[in-house]
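Undergrad: I'd like to ask you about the structure that follows.
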Amino acid sequence: MMNKKKLEIYVHIPFCAKKCAYCDFLSFPGNMRMRREYTDKLLEEIRIQSSFVREYQVDTIFLGGGTPSVLDVSDITAIMGALKEHYDIAPDAEITIEVNPGTVKMEGLVAYREAGINRVSMGLQSADDTELRYLGRIHTYDEFLKSFQRVRMAGFTNVNVDLISAIPGQTPESWRNTLKKTAMLKPEHISAYSLIVEEGTPFYDRYGGHVEMESYEMSPEERRRLMALPDLPDEDTEREMYYMTRNCLAEQGYERYEISNYARPGFECRHNVGYWTGTGYLGLGLGASSYLEGCRFHNTSDFQSYVSAHFDDEAEFCQALRQDMEQLSVKSKMEEFMFLGLRLTRGVSVEGFITRFGQSIRNVYGGVIDKLEREGLLEHKNGYYHLTERGLDLSNYAMSLFLLD
């Protein structure tokens, strides 16, 4: 079948060796029984879900979490085998796995390559061991370096490194050091995020003014260490780090193609670009979100409900797992087209808007566009409207104007 629609697949592996103090993702440590039970059910879901996407060809796959590399190598191999068996995967598909420097081994990396995975995303976060301890990471910078070397030795030529700025006790000098050390390794892609203190995390209790931590499984000593963490950088220091990121990585040959993402030419993350430009995606696993044919939904986030669900037929599967199904209105689709597309430095396509919605972008957003252009936050170039550097700095404000009444 020719001219199939593109599809992205996200596979959620919720397990991690240790939950970081800033993390609000659906992740938790799990024993071997839980991991075995989960993988078996995930393989079932991969088979059942494929019946809903026969008309699609898979362009990207992303194994995220949690930390997928905590699973046995045989489990990752089985997951990849099931995906290949039940889905039409493009020959040049980008297939990414997230790994933690503290859990990845050489034999695992070689097996990932053999299974068809061609991109590795590594969570470094900081090159400073003290800052890593503050974050609750299980690895040191030296362990990261050894893991990065293993990734290269295993033959991976497309590698991302995740970094976080504005973390407890961080200074502009230590952040610059992290940026330089990372760039010197020449990964193809760098994601550089500013820490967001999310509700429901230990960091929120520490930095959000809350001290009710009874819900966390912490010893008294762990709680004392959490409350003794240094303060977060102030707003001015955080902004200094933000500009430093852009300038330092540009000097090292990285092009900023999205608000928080930088790549060497040709190595932009296709999975993320697809998400920001409205490509349909299918989420597999606990709590995974999907967006198909204008309908958004997600799997149950309750572990026991997931692993005990019966998938005897498609209707039963939908009833057992899919939650909060929402058919997006044209208005919502237009808003998302702008919100997500303007995260990219190239911006949103004028022609793409017409193709998707049957009318010009100025017919819907002319007043907003004129206002942002007058304020120096938006420009038109080569058929795209994109945020200027100042617009990217004020992206939350700029994007909020594209909400339709």
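Undergrad: About the Cα centre of the chain, what is the dipole size in debye to 20, counting +1 per Lys and Arg Cβ and -1 per Asp and Glu Cβ, all else neutral?
TA: 1040 debye
Undergrad: Let me ask something else. Once you put a point 7 Å from the Cα of ARG374 and another 7 Å from the Cα of ASN247, both along the Cβ direction, what distance in nm separates them?
TA: Placing both labels 7 Å along Cα→Cβ, they lie 3.2 nm apart.
Undergrad: Over the chain, what is the percentage of antiparallel beta bridges among all DSSP beta bridges, to the nearest 5?
TA: Antiparallel bridges make up about 40 percent of those DSSP assigns within the chain.
Undergrad: Determine how large the accessible area of PHE148 is when every protein chain is in place; take a 1.4 Å probe and give Å² rounded to the nearest 10.
TA: Here the accessible area works out near 10 Å².
Undergrad: With just the Cα atoms defining each centre, how far is segment 248-265 from segment 36-50? Give it in Å.
TA: For segment 248-265 versus segment 36-50, the Cα centre distance is 37 Å.
Undergrad: Taking just the C-alpha trace of segment 242-388, give me its Rg and Dmax in Å.
TA: That works out to 19.2, 58 Å for Rg and Dmax.
Undergrad: Here's a follow-up. Within the set of other residues whose C-beta is less than 12 Å from the C-beta of VAL159, count the net charge using Lys and Arg as +1 and Asp and Glu as -1.
TA: That works out to +2.
Undergrad: Could you report the chain's accessible area per residue, 1.4 Å probe, as an integer in Å²?
TA: In whole numbers, the chain has 46 Å² accessible per residue.
Undergrad: For Cα pairs less than 8 Å apart in space and 6+ apart in sequence, what is the mean separation divided by the residue count of the chain, i.e. the relative contact order in percent?
TA: Relative contact order for the chain comes out at 15 percent.
Undergrad: Same structure, new question: Per residue of the chain, what 222 nm ellipticity follows from adding -39500 (n - 2.57) for every DSSP H run with n ≥ 4, rounded to the nearest 500?
TA: -12500 deg cm²/dmol
Undergrad: At 15 angstrom or more along the helix axis (alpha-carbon based) and mean Kyte-Doolittle of 0.0 or higher, what helices does the chain contain? Whole DSSP H runs only.
TA: 73-86, 330-341
Undergrad: Another one. Check each of the GluC sites (Glu not before Pro) in segment 271-355 and keep only those in coil by DSSP with at most 14 other C-beta atoms within 10 angstrom; list them in order.
TA: In loop regions of segment 271-355 (DSSP not H, G, I, E or B), the sparsely surrounded GluC sites (Glu not before Pro) are GLU293.
Undergrad: Roll a 1.4 angstrom probe over the protein heavy atoms and tell me the percent of accessible area of the chain that is carbon or sulfur.
TA: In the chain, the share of accessible area belonging to carbon and sulfur is 49 percent.
Undergrad: Continuing with the same structure: Under a 1.4 angstrom probe, counting protein chains only, how are TYR254, TYR10 ranked by accessible area, largest first?
TA: The residues order as TYR10, TYR254, largest area first.
Undergrad: Right, here's the next one. Pairing rule first: another cysteine's C-beta must sit under 4.7 Å. Under that rule, which cysteines of the chain stay single?
TA: Lone cysteines by the Cβ rule: CYS16, CYS248, CYS269, CYS295, CYS318.
Undergrad: Towards the positive end of the charge dipole of the chain, with charges on Cβ (+1 Lys, Arg; -1 Asp, Glu), say which of ALA309, GLN57, GLY287 has the farthest Cα.
TA: Of the options given, the answer is GLN57.
Undergrad: Continuing with this model, one more query. When only C-alpha pairs under 8 Å and at least 6 residues apart count, what is the relative contact order of segment 253-395, in percent?
TA: In percent, rounded to a whole number, it is 17.
The values are calculated or read from the model by the stated rules, or taken from the named source; none is laboratory data. Predicted, not measured: the structure shown is a model, and the values here were computed from it. All Cβ positions, even for glycine, are placed from backbone atoms using ideal geometry, and neighbour counts span all protein chains on display. Heavy atoms of the whole protein, side chains included, go into the accessibility calculation; ligands, DNA and RNA do not. Shrake-Rupley method; radii C 1.70, N 1.55, O 1.52, S 1.80 Å.
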